[in-house]
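To start, the structure itself, in structure tokens.
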Amino acid sequence: MTVRVRIAPSPTGSPHVGTAYIALFNYCFAKSHGGRFVLRIEDTDQERSDPIYEKMIMDALKWTGVSWDEGPDVGGDFEPYRQSERTAIYRDHAQQLMEASHAYRCFCTADQLKSIRNERFKQGLSTGYDGSCSRLDADESKKRADAGELHTIRMNVPAEGTCHIDDPMRGDVQFDYSVIDHQVLLKSDGFPTYHLANVVDDHLMKITHVIRGEEWLSSLPKHILLYQYFGWQAPIVYHVPLLRNADKSKLSKRKNPTSILYYRELGIVPEALLNFLGLMAYSMPDGQEVFTLDEMVQHFDISRMSLGGPVFDVQKLTWINQQHLASMSNDELVQRVVDWRLSPAFFAKLMPLVNKRMHRLGDFMQLCDFMFFSAIDYDLESLIPKNKEQDETRDTLQLFVWELEKLTSFEESHIETAFNRIGGLQQWSLRDLTGSARIAITGKKVAPPLFGVMEILGSDLCRNRLMEAIEKLGPLGKKKLAKLEEKYRSSN
Ligand code: GLU
């Protein structure tokens, strides 16, 4: 048997360190078994998926050094590797399940579903669907569908009994079927949900082992049922512990930068990022803390993976980065720094922002120093515009961060629109808002044009610097945060 594993990211946001973390273990497992590593793009969520994110995820993963043998860009025997190009396959499989009475059409509207949920909640039952449409007469169901009535396709789940899972990392894990929802498999737009597409593709792509995040463990009973319904052998599934913030909550960008691009821009080298992510759920046989990807592959043994809640500790990452930098030759280091920020290509991007401001060539560095620093320094007071309060400044910058997070393209003109919108919402002049943001992002009162600077720094670094400024301005308690979120939501 050839080992075949995959990662299946959904292109719905900036490339997350969690994706690199899961990719790393899949890669090591595949390489240590002489197997194949597949990249599949799970873009069936029409509203949230964007090809921009797909490209960003692939570029970021390539940068880490984790490479795949099959995928949308490199092809392979099981094409296409993008789920949005496989919808006919899923529809066909949903149909097969219906014919075997393992699935049924559900005509319930959103309002009906809501009242079913409320009713079940009142009765102390699980708030999933009550299965009423599964009792519809087959002819009537077909007639309504033929007449064009909108419907989804749901899977049947036994009303009673227990699903036992022999989890390779956790032992026997049990789920009562009574709490498992009749999952929608095919949405009314004809697109599959994650569950159907994921199971069908893992089977058709001959995936032998699934290594994925722990957040999917609760989906496994549904998946196992689907494998049984289709009469397929399920792969062996490992659920790797989630990366966590220092307070042990699930790693979130509110508390920690989560984008791979952020760490790249910060000057973390890819081997250090992978090394650090490896340590999150794995230990080398000799306890070695600093290692390369090749060394990890050489010694990889999946039974050494651990279940603890690994804390994403940026200080530790920085220490590991330092160890990798220190072990590089002079030539190598020169090359790394040049590639990072000293390339002619990078300078060419900066030059139009400063060319009219330089008196001597040496002014260049002074004008742009904030582009190269890991941390910038400024006084708290300088963040607060005249006639504005500290709290108000903090709230305004937070609103601005949310507005920036909505941008799929971080171009000057979009950044400007974001400034205008939040300025309008807070009744702040553009001058006050850019003044405050300029200090947060450059540490300077006078700097090259801010929108251009932000475009070059990129959304992740800008966001992080703004978050640091918000932190400086004082904590935003839960209540205040909720109020502010409400204000932001209702302004959209
Ligand atoms: N599309 C899922 C994700 O974004 C894949 C989960 C899995 O590996 O099964 O994480």
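Computed from the coordinates by the stated procedures, all read-outs in this text should not be read as laboratory data. These numbers were taken from a predicted model, which means no experiment stands behind them. Quick reminder, even Gly has a Cβ in these numbers, built from the backbone with ideal geometry, and neighbours come from all protein chains shown.
Miscellaneous remarks
- Taking region 107-140 as the range and being closer than 20 Å to PRO158 by Cβ and touching a helix residue (DSSP H, G or I) at 6+ places or on another chain (Cβ under 7 Å) as the test, the residues that pass are SER126, THR127, TYR129, ASP130.
- Count of region 56-71 residues which are surrounded by fewer than 20 Cβ atoms within 10 Å (Cβ to Cβ) and touching a strand residue (DSSP E or B) at 6+ places or on another chain (Cβ under 6 Å): 1
- Note on region 1-113: enclosed strands (runs of 3 or more DSSP E) holding 1 or more residues that are of a type outside the set (Phe, Trp, Tyr) and within 16 Å of the ligand (Cβ to nearest atom) are 4-7, 36-39.
- Residue in region 408-424 that is under 24 Å from the mean Cα position of the chain (by Cα), more than 30 Å from GLN366 (Cβ to Cβ) and touching a residue at least 24 places away in the same chain (Cβ under 8 Å) present: yes
- Of the residues making up region 391-404, not a single one is surrounded by 13 or more Cβ atoms within 10 Å (Cβ to Cβ), touching a Phe, Trp or Tyr at 6+ places or on another chain (Cβ under 8 Å) and of a type in the set (Lys, Arg).
- Residues in region 119-131 that are loosely packed, with under 11 Cβ neighbours inside 10 Å and of a type in the set (S, T, N, Q): GLN123 only.
- TYR53 vs. criteria surrounded by 22 or more Cβ atoms within 10 Å (Cβ to Cβ) and among the hydroxyl-bearing types (Ser, Thr, Tyr): no
- Applying the condition of being in a helix (DSSP H, G or I) and among the hydrophobic types (A, V, I, L, M, F, W, C) to region 474-492 and asking which residue is surrounded by the most Cβ atoms within 10 Å (Cβ to Cβ) yields LEU484.
- Residue among GLU471, GLU392, GLU381 that is in a helix (DSSP H, G or I) and over 31 Å from the mean Cα position of the chain (by Cα): GLU381
- Among the residues examined, GLY148 does not qualify as in a loop (DSSP other than H, G, I, E, B) and either within 30 Å of PRO11 (Cβ to Cβ) or in contact (Cβ under 8 Å) with a residue 40 or more places away in the chain (or both).
- Checking each residue in region 435-451 for being assigned to a helix (DSSP H, G or I) and either surrounded by fewer than 17 Cβ atoms within 10 Å (Cβ to Cβ) or not small (Gly, Ala, Ser) (or both) picks out ARG438, ILE439, ILE441, THR442, LEU450, PHE451.
- The single residue among GLU119, GLU160 that is without any contact (Cβ under 8 Å) to a residue 40 or more places away in the chain, in contact with a Leu (Cβ under 9 Å, 6 or more places away or on another chain) and more than 15 Å from the ligand (Cβ to nearest atom) turns out to be GLU119.
- Tallying residues that are of a type in the set (Gly, Ala, Ser), in contact with a strand residue (DSSP E or B) (Cβ under 8 Å, 6 or more places away or on another chain) and surrounded by fewer than 18 Cβ atoms within 10 Å (Cβ to Cβ) within region 235-283 yields 1.
- Residue within region 259-276 that is under 26 Å from GLY309 (Cα atoms), out of contact with any helix residue (DSSP H, G or I) (no Cβ under 8 Å at 6 or more places or on another chain) and within 16 Å of the ligand (Cβ to nearest atom) present: no
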